[in-house]
Amino acid sequence: MNKTYKQCFKCLQAIFLICGFLLLGNALHAQSGPSASGMVKDTLGVPIVGATVKAENKLTGKATNATTDVNGVFNISNLQTGGNYSFTFTFIGFETKTLTGYQALAGNKISLSVTLKESATSLTQVVVTGYGTSRKADLTGAITSVQAEDFNRGVISSPAQLLQGKVPGFNITRSGNPNDRGSILLRGPSTLRAGAQEPFYVIDGVPGASIDLLAPDDIMSIDVLKDASSTAIYGARAANGVIMVTTRKAKPGQSSLSYSGYGAVENVSNQIAVLGGDELRSYLQANNRTLNLVDNNAGANTDWQKELTQTSISNNHNVSLNGNSGQTAYNVSLNYLNNKGIIKTSGLERFILRANIDQKFFDNRLRLNVSGVNSVTSSRNIAREVYQNMLTYLPTVNVRQPDGSYTENFTRTRGYLNPVSLIDNNIYNSRVKTFLGNAIAEARLFTGLKYTLSISYQDEQNYNDSYNNRFSGLAQGLNGYARRQSWTNNKKIIESYFNYDKRFGNHDLKLLAGYSWQEDERNNGFGTSNQNFVNDNLTYNNLTLGNAPAGAVINYSVDDPILGGTNPPIAILRIISFYGRAQYNYKDKYLFQTSLRRDGSSAFGANSRWGYFPSVSAAWNISNEDFMKGVSFVNNLKLRAGWGSSGNSDGIRPFTTLLLYGVTTGSRFYYNGSYINPIGPRQNQNPDLKWETTDVANIGVDFSLFNNILSGSVDVYDKRTKDLINDYQVSTTQYYLPFLTANGGNIRNKGIEAIVSVRPLVGKALKWTSTVNVAYNKNTVESLSSNLFQLDYQRTAYLGGKGQSANPSQILQTGLPLGSFLLARYAGKDAQGVSQFYKADGSISTTPPVVADFAYVGNAQPKLIYGWGNTFTYKNVDLGFFVRGVLGNKVLNATLANLNSPSDATNVNIPRFTLNESPNDNNAYILSDRYLESGSYLRLDNATLGYNIPLKVKSINRLRIYATGNNLFLITKYRGIDPEMNMGGVTPGIDNNNFYPKTRSFLLGLNVTF
């Protein structure tokens, strides 16, 4: 048993010991006195499990809480004798009910039977919007809310994965790498800049906070703001949508200690079938070819994929303590995640400590809240060369030679390296420490008027450490090469705003006015390196022990994944904003909303630093009209329409618009006995660079029918992005350099989204809820040009490989979607079995095609994204499963193309696919539409079986055990490892020797609340 397991075991021992003391204490201190008990049911007579019952003594103000069990029964003991009690019953999706006038007499037991009425499609549910909250019934925009009980289950390393497949139009793609955050797209791509497509996160009112600061168990709900009438209040950062995250907090009168944890086993879900050693020898012998002597160890049959992968054991533990007296509320939680990768030496370990305290003063007229979150994430990565070599390295050699050295052939080129040596002899570690502190003061100045001041500070410390030892093929002859990088990013935000709510007669008015100030400092740090160490024992931990030879260049650079590139300068960005919003509600029938935000950013040109982002929307609650009173099967029917504008400034460096000077690469000169780095222009100036702006028009309908048995919503949208930021070729007679970052071009996304939920079974014992969501989106690049710059097309995705480095695989072109494939057209094989291709004039030839012969052959954008979830409950047992998938997209299987090279079979391994190829086909590897495959798939993403253990122990409110399976099966025609490719950036949908295998996981979990 390793150290981690011992620590986890000790932790569990301590938890159960605490539970034992709590149980004992409860038994010792039990006293007789007035009590209350009863049952809570819905209108169909079905017991409600987990409803909160609050008993409050009106004379003393003391409150006691209880929760209904699996039979809908609650028990409250030790009421204060002589107290005048009221009982309040609450449950999500139901209207709150309060019973008053109950006297707690000595020895008496108060018996209650309560029926809660379900609110129409949970219309009373509170949804978090920008700088406030609204009832779901009052929404005029496209907002999807996901509660904790509906989150995805499994080994979750990033909270964004909780929503995968749950929100219409929300596309998350991720590999099996625990360190991979994946890509997130909402309603299609709308920018040409990599790293500028992710939604904007707001955590408990803190804008721009890191989503990875939260443990999934600490999240209560997530609200996704999708249309611009909802997102425009966040202005220049909201073009990709806004995700509002609300963390768990105790309700008044509640206090609890809870633990949740799981242990998981993960394995590779699929591998590429390549030849074994004997199979390769037989193939070569049949074709009169032989291996080089150094590449043929007698009897060697090495399965490199098996040598590199492992069964991953992961575990997650979360302990939280919270309470709420009505005046003081607190929450403290600790989370630990250890997610080992299925490729050896890779993995992720994370600690998160979170604390929150909320205090009310002056008869609730002043509320102060202070919160802090500290996260430490340690990642173990692998060299990118591993992915290709685990497939191509010859299986006819052993991992090691008889003398113990790794089998290597350094005379080979193109990165041909022993993959086991790559993970054993190279260390790539990173660590991120993030702290987020937030203080809120909320003052109720007079009836209806509230002032809020929020101050937050986020500090992120990044450390990248790597070491290539003396046996590493990546640092040959260096006797060890160490590199360390350290830099910090911090963010300061001040939000100051007023909310005014006033209801008079049939009119309801809500006003918002505010000011925001933000300063981001990025890349404050440096890197260093050294080489030629006496031994490898200390790896990167003491660089002073290196002995770099004369002329060796020290690497001072920092590779910032946000700013991009190598050695970006320290950067400070400031954003100042003014914003306002007005909401009007007449008789709960007619709803109107308008907002305006003015943003100023130092990142943009001196002539274009300010932008305006307006929105307007309206809704009609048709079901509240008098003419609908006789339509009994309609519980809710609302029509919505809105338009808004928001911006996108993600990924823009603060100095993008300035004339920058720096060291010009490759031009050192000799002066006065030394080599000097020359300084020269590295970036052209553009004072007119401005925001990318996205305008969205949205029409939607919300409905609930047949006593809320059937409910859902449908949205149709038109999303247009203008002033795209791109690099344009310019004349060096006008500019220092041949490229200029400027605005130009438009992208359009049109689509329809729908989510429908039905409850076919609503019996007392057996319940079934089924939810389907689908989203169709059409993406089009409408223009790449502006009034100043003309660009007809832009070729992208230069994948290279065997003489193809000058060949693009995708193209940006007016009228086509982003991610359009530009490839040679495969024309079958000739009589000798050699691959042929169509030429531009329509003729067929075995001559390798040139770019002029390429054509548009499909695109990576899916036509349809869907998800289907089902939950069955029978008494104490629950079963849920979730299926999701995509339709209509293409994936370029460049990995298979690179492997499918019969002529190279004496140098690299080949897949079984190649056994059907002619050994004479020297064109088999050429990228063409032959390798453009359907990316459609259907995946059983997760299935969970749970059991709520019935307990009569008063100290334990809830005890649940469950088992979950993830990625249980996949239906697809794709011939690679998995069709779910990264859809981020400007070159989506490409599988190119860089795919960390997907995993299939099984886990056992426990939830207990005291």
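Read-outs throughout are calculated quantities, based only on the coordinates presented, and are distinct from any laboratory measurement. In this text, all values refer to a predicted model and were calculated from it rather than measured experimentally. Here the Cβ is made from the backbone with ideal geometry for all residues, glycine too, and neighbour counts use every protein chain on show.
Peptide packing: for 855-861, 641-647, the average count of neighbouring Cβ atoms within 10 Å per residue gives the ranking 641-647, 855-861, highest mean first.
The charge dipole of the chain, taken about its Cα centre with unit charges on the Cβ of Lys, Arg, Asp and Glu (plus for the first two, minus for the last two), comes to roughly 2200 debye. By the rule of a C-alpha distance below 16 Å, with chain neighbours fewer than 8 residues away ignored, the lysines paired with residue 502 are 450, 510, 587.
Separation of the alpha carbons by more than 30 angstrom is noted, of 690/998; 54/875; 226/360; 41/952, for 690/998; 226/360.
Ignoring aspartates and glutamates fewer than eight residues from residue 973 along the same chain, the ones with Cα atoms less than 17 angstrom from its Cα are 929, 933, 991. Only beta bridges with both residues in the range 33-118 are counted; by DSSP, about 75 percent of them are antiparallel.
With the simple model of a label 7 Å out from the Cα in the direction of the Cβ, residue 96 to residue 840 spans 7.2 nm.
Rounded to 0.05, the FRET efficiency of the residue 37 and residue 590 pair, given R0 = 41 Å and the Cβ-Cβ distance, is 0.35. Length gained on full extension, residue 851 to residue 502, computed as 0.36 nm times the residue gap minus the Cα-Cα distance: 119.1 nm. Contact order for the chain, expressed relative to its length and based on alpha carbon pairs under 8 Å spaced 6+ residues apart, stands at 11 percent.
The range 173-237 and the range 492-517 have Cα centres separated by 25 Å. Applying D = kT/(6 pi eta Rh) to the range 250-311, where Rh is the Kirkwood radius over alpha-carbon pairs, T corresponds to 4 °C and eta to 1.567 mPa s, the Stokes-Einstein value obtained is 78 µm²/s. In this label model, residue 798 and residue 766 are separated by 6.4 nm, measuring between points 7 Å along each Cα→Cβ vector. Treating r as the C-beta distance of residue 660 and residue 734 and R0 as 25 Å, the FRET efficiency rounds to 0.90.
Set the Förster distance to 45 Å, then compute FRET efficiency between residue 578 and residue 627 from the Cβ-Cβ distance, nearest 0.05. The formula returns an efficiency of 0.55 here. Sort the range 122-247 into rounded, prolate or oblate with this rule: let a ≥ b ≥ c be the square roots of the eigenvalues of the Cα gyration tensor; rounded if a/c is under 1.5, and if a/c is not under 1.5, prolate when a/b is larger than b/c, oblate otherwise. Oblate, because a/c is 1.5 or more while a/b does not exceed b/c. Candidate cross-link partners of residue 954 among the aspartates and glutamates, defined by an alpha-carbon separation under 16 Å and a same-chain spacing of 8 or more, comprise 69. Pairs with C-alpha atoms separated by more than 28 Å, drawn from the list 802/863; 722/778; 340/433, are 802/863.
Among residues other than residue 912 with Cβ under 14 Å from its Cβ, the summed charge is -3 (Lys and Arg +1, Asp and Glu -1). Candidates 276, 371, 663 compared by Cα position along the dipole of the chain: farthest toward the positive end lies 371, with charges placed on Cβ. With each label modelled as a point 7 angstrom along the Cα→C-beta vector, the residue 675-residue 113 pair spans 9.1 nm. Tell me whether the range 229-371 comes out rounded, prolate or oblate; compute the Cα gyration tensor, take square roots of the eigenvalues as a ≥ b ≥ c, and use a/c under 1.5 as the rounded threshold. The shape class here is prolate. The smallest convex shape that holds all Cα atoms of the chain, its convex hull, gives 203 Å³ per residue.
Here the mean projected area of the convex hull built on the C-alpha positions of the range 33-118 is 4.9 nm².
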